[in-house]
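Below is one structure; the comments refer to it alone.
The values are calculated or read from the model by the stated rules, or taken from the named source; none is laboratory data. Quick caveat: nothing in here was measured; it's all calculated off a predicted structure. Here the Cβ is made from the backbone with ideal geometry for all residues, glycine too, and neighbour counts use every protein chain on show. The protein model used for the area step is the full one, side chains on, heavy atoms only, and it has no ligands, DNA or RNA in it. Shrake-Rupley method; radii C 1.70, N 1.55, O 1.52, S 1.80 Å.
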Amino acid sequence: MKRILTYGTFDLLHYGHIRLLKRAKALGDYLIVALSTDEFNEIKGKKAYHNYETRKQMLEAIRYVDLVIPEQNWEQKISDVKKYEVDIVVMGSDWAGSDKFDYLQDYCEVVYLDRTEGVSTTKIKNDLKLQEPKNGINQIPTPKNENKNS
Ligand code: C2G
């Protein structure tokens, strides 16, 4: 059984994440996702919209994902690969050549899959901000006054 491992925050889950998970699973039989904890996100300088537990439940609902484990620091990857007997670590191409993953080639295969263009959690947040009404208040239409005589 070929075991795959990937890492990430997976906040505001989008089709770029799903495509990555789908292609990662297609490389083997069992996909483990090491999900960044809220504390680790602080270290990464990321503030996720959804907390760890919510992001974990969303990932566990995806058919390609077999197990979700916490990613708590940069240093855990070698022990993760050994503990879960990982054959391939898969990441998006934005991580290609980074010192955060290439060294794992001494312990398992490392595969970088093309990042999905045109979507990212940051883009989603920025696009939603742009759609807010100028006065910043969500206009809730007030019901028309039914009784014309009052
Ligand atoms: N991804 C992708 N296409 C996108 C956005 C993300 O293929 N449009 C991939 C990323 O390359 C990554 C995974 O989806 O492999 C998760 O992305 P993020 O949640 O942004 O993860 P990141 O912040 O890169 O965290 O230790 C490594 C870090 O935890 C990785």
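Residues in the range 99-118 that are within 9 Å of the ligand (Cβ to nearest atom) and either exposed (fewer than 14 other Cβ atoms within 10 Å of the Cβ) or among the acidic types (Asp, Glu) (or both): Lys100, Asp114, Glu117, Gly118. Of all the listed residues (Leu35, Leu12, Leu104), the sole one being farther than 26 Å from Leu128 by Cα and of a type in the set (A, V, I, L, M) is Leu104. Residues in the range 27-45 that are part of a loop (DSSP other than H, G, I, E, B), open to solvent by less than 40 Å² (accessible area, probe 1.4 Å) and either within 12 Å of the ligand (Cβ to nearest atom) or of a type in the set (Phe, Trp, Tyr) (or both): 1 in all.
Listed by first and then second residue, the pairs linking a residue in the range 1-21 that is within 10 Å of Ala34 (Cα to Cα) to a residue that is of a type in the set (D, E, K, R) and outside any helix (DSSP H, G or I), with Cβ atoms under 8 Å apart and 6 or more places separating them unless they lie on different chains, are Tyr7/Glu71; Gly8/Glu71; Thr9/Lys46. Only residues that are at pLDDT 95 or above, within 10 Å of the ligand (Cβ to nearest atom) and in a loop (DSSP other than H, G, I, E, B) were counted across the range 46-88, and they come to 2. Here Ala24 fits the description: near the ligand (Cβ under 10 Å from one of its atoms), more than 12 Å from the chain's Cα centre (by Cα) and outside any loop (DSSP other than H, G, I, E, B).
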